[in-house]
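Comments concern the structure below.
The values are calculated or read from the model by the stated rules, or taken from the named source; none is laboratory data. Here the structure is a predicted model, which is why all the values come from computation and not from measurement. Because the Cβ atoms are built from the backbone with ideal geometry, glycine has one as well, and the counts that use them run over all protein chains shown. Heavy atoms of the whole protein, side chains included, go into the accessibility calculation; ligands, DNA and RNA do not. Shrake-Rupley method; radii C 1.70, N 1.55, O 1.52, S 1.80 Å.
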Amino acid sequence: MSVAIYPGSFDPVTLGHLNIIKRAARCFDKLIVCVMVNSNKTGMFTPPERVELLRRSVKRFPNVEVDFSSGLLAAYAKERGANVVVKGLRAVSDYEQEVQMAVINRKLNPELETMFLASSEKYTYLSSTIVKEMARYGACLGEFVPREIIADVERRMRELERKDG
Ligand code: PNS
């Protein structure tokens, strides 16, 4: 059975992520979407909340599982019997960091290959950071995040703004 992992912060999942999930799920028997920790980023949602939002968004894909790991991707892949990591590439700006991570992951786990899917041109501009910025200014989120989670993103943004005064 071919098993691939699509790792990310998913804070929150965007329509760009969902497009990669849909396409990658067609290429493997099983796709594990794994919420992981990016030590350079602070969160809008906690990891368990991100997992819940993702699970709601991928319900229609029977071979997609959502999980969380606070460890190294290379170790997690070994544990789950996966030898492919899937990543989306939006623009040249993603390339350098993504290739660096792919090389490190293969050094840590020589069985692990990283495969890149070119982002759909519809979503090359889209990131979780952009979603947070749009939510802050009250923009309509319908074009950015799965409809199942729009209300959650709007609500969390209002809560954060109240907290910050
Ligand atoms: O969505 P992101 O923030 O670009 O995803 C980055 C992520 C979470 C996949 C990356 O930071 C990661 O793999 N974190 C797990 C820890 C790890 O294995 N780090 C070594 C890779 S350099």
Is there a residue in the stretch 91-110 that is farther than 17 Å from residue 38 by Cα, within 15 Å of the chain's Cα centre (by Cα) and of a type outside the set (Phe, Trp, Tyr)? no
In this structure, is residue 113 acidic (Asp, Glu), closer than 27 Å to residue 56 by Cβ and without any contact (Cβ under 8 Å) to a residue 40 or more places away in the chain? no
Condition first: in contact (Cβ under 8 Å) with a residue 12 or more places away in the chain and away from the ligand (no atom under 16 Å from the Cβ). Can you find one or more residues in the stretch 81-93 that meet it? yes
Unique residue being open to solvent by 90 Å² or more (accessible area, probe 1.4 Å) and out of contact with any Pro (no Cβ under 8 Å at 6 or more places or on another chain) when the list is 132, 59: 59
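Please work out if residue 114 is open to solvent by 40 Å² or more (accessible area, probe 1.4 Å) and of a type in the set (Val, Ile, Thr).
no
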Does residue 128 satisfy the criteria of being within 16 Å of the ligand (Cβ to nearest atom), at pLDDT below 95 and polar (S, T, N, Q)? no
Within the stretch 62-79, how many residues turn out to be crowded, with 16+ Cβ neighbours inside 10 Å and over 30 Å from residue 154 (Cα atoms)? 4
Filter the stretch 16-46 for residues that are more than 19 Å from residue 116 (Cβ to Cβ) and open to solvent by less than 40 Å² (accessible area, probe 1.4 Å); which is nearest to the ligand (Cβ to nearest atom)? 35
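Consider the stretch 1-12. How many of its residues are closer than 18 Å to residue 62 by Cβ and open to solvent by less than 10 Å² (accessible area, probe 1.4 Å)? Reasoning before the result, please.
Going through the stretch 1-12, the residues closer than 18 Å to residue 62 by Cβ turn out to be 1-6.
Subset that is open to solvent by less than 10 Å² (accessible area, probe 1.4 Å): 4-5.
Qualifying residue count, the stretch 1-12: 2.
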Would you check if residue 108 is within 11 Å of the ligand (Cβ to nearest atom), in contact with a Leu (Cβ under 7 Å, 6 or more places away or on another chain) and more than 19 Å from residue 144 (Cβ to Cβ)? yes
